[in-house]
Amino acid sequence: MECVFGLVGNGFAIVAADTSAVHSILLHKNNEDKIMALDSHKLIAASGEPGDRVQFTEYVQKNVSLYQFRNGIPLTTAAAANFTRGELATALRKNPYSVNILMAGYDKEAGASLYYIDYIATLHKVDKGAFGYGSYFSLSTMDRHYRSDMSVEEAIELVDKCILEIRSRLVIAPPNFVIKIVDKDGAREYGWRLSVKDVTTASV
């Protein structure tokens, strides 16, 4: 029931993800951040089995940092996406990771970009992408309203439309979402869209 989606606008990329940590019919928490900063100008949003998602995204993050430490220059977004795809492909025939990834980044030469990487190591550079059951609604909404020259405000409005469609139409919709953006100023959190706050269990 996870929902991860993103898009590229005029000089920036935005990714959004639900924040529900779910196992079977149980919701364990609703403030799980599924979007990780790889470095100052890259974001990786992941969906899939929780253990695979956390382990693999941390593995990619540490290797991207190691490359920069060893060589003195950061990987480009395309290089980081190809590295990630290669690691998934290698694991595919040994101990595969059940994880789907949207990688967003900003490079001085190439500008903003978004890469779609699924659990069988398919890699595509896309203008907009989504994973999970929410993709049925977010992709159709983005197909209708997306433009490549969108401003940040227009893109956030589109993200909010996607979240509204998911909440309205998905039978078991995740209540909360986190939105992050990357542009020439770096990767950062834009905001949360909350409909349910984290509930603490009362002591008995």
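The values are calculated or read from the model by the stated rules, or taken from the named source; none is laboratory data. All values reported here derive from a predicted model rather than from experimental measurement. Cβ: placed from backbone, ideal geometry, glycine included. Neighbour counts: every protein chain shown. All accessible areas refer to the heavy atoms of the entire protein, side chains included, with ligands and DNA or RNA removed. Shrake-Rupley method; radii C 1.70, N 1.55, O 1.52, S 1.80 Å.
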For the range 130-204, the Debye formula with one identical point scatterer on each Cα and no solvent gives log10 I(q)/I(0) at q = 0.21, 0.22 Å⁻¹ as -1.03, -1.10
Here, trypsin sites (Lys or Arg not before Pro) of the range 141-174 satisfying both criteria (DSSP loop; at most 16 other Cβ within 10 Å) are R147
Under the Karplus relation with 6.51, -1.76 and 1.60 and θ = phi - 60°, whole-Hz ³J(HN,Hα) for the range 67-84, x at Gly and Pro, equal 4, 5, 5, 6, 9, x, 9, x, 5, 6, 4, 4, 5, 5, 5, 5, 4, 4
Cα-based Rg and Dmax for the range 70-181, in Å, come out at 15.9, 49
Note: probe point = Cα of A21 + 7 Å toward Cβ; backbone nitrogen < 19 Å; residues of the range 174-188 passing the test are 174-179
Under the helix-only model (-39500 (n - 2.57) for each DSSP H run of 4 or more, divided by the residues of the chain), the mean residue ellipticity at 222 nm, to 500 deg cm²/dmol, is -11000 deg cm²/dmol
Expected field for S20, accessible surface area in Å² at 1.4 Å probe radius, rounded to 10, holds 10 Å²
As straight-line cross-link partners of K108, the qualifying aspartates and glutamates (C-alpha separation under 13 Å, not fewer than 8 residues apart within one chain) are D183, D185
The pairs in K62/K184; K125/K197; K29/K94; K34/K184 lying past 25 Å Cα-Cα in this model are K125/K197; K29/K94
Per DSSP, the loop-located GluC sites (Glu not before Pro) within the range 83-187 having at most 12 other beta carbons within 10 Å are E109
Per residue, accessible area of the range 54-93 with a 1.4 Å probe, heavy atoms of protein chains only, in Å², comes to 59 Å²
Long-range alpha-carbon pairs in the range 1-85, meaning those over 20 Å apart, account in percent for 40 percent
In whole Å, largest first, the alpha carbons of the range 4-46 cover along the principal axes 40, 19, 13
Residue-ordered couplings for the range 91-108, obtained by feeding phi - 60° into the Karplus form 6.51 cos²θ - 1.76 cosθ + 1.60 and rounding to whole Hz (Gly and Pro as x), are 6, 4, 9, 10, 9, x, 8, 8, 9, 10, 10, 10, 10, 10, x, 9, 10, 4
Rg (one decimal) and Dmax (whole number) from the Cα set of the chain, in Å, equal 16.6, 59
Scattering profile of the range 110-162 from the Debye formula, Cα beads only, expressed as log10 I(q)/I(0) at q = 0.12, 0.15, 0.19, 0.25 Å⁻¹, is -0.30, -0.46, -0.73, -1.11
Here the net charge surrounding H41, from other residues whose Cβ is less than 13 Å away from its Cβ (Lys, Arg +1; Asp, Glu -1), is 0
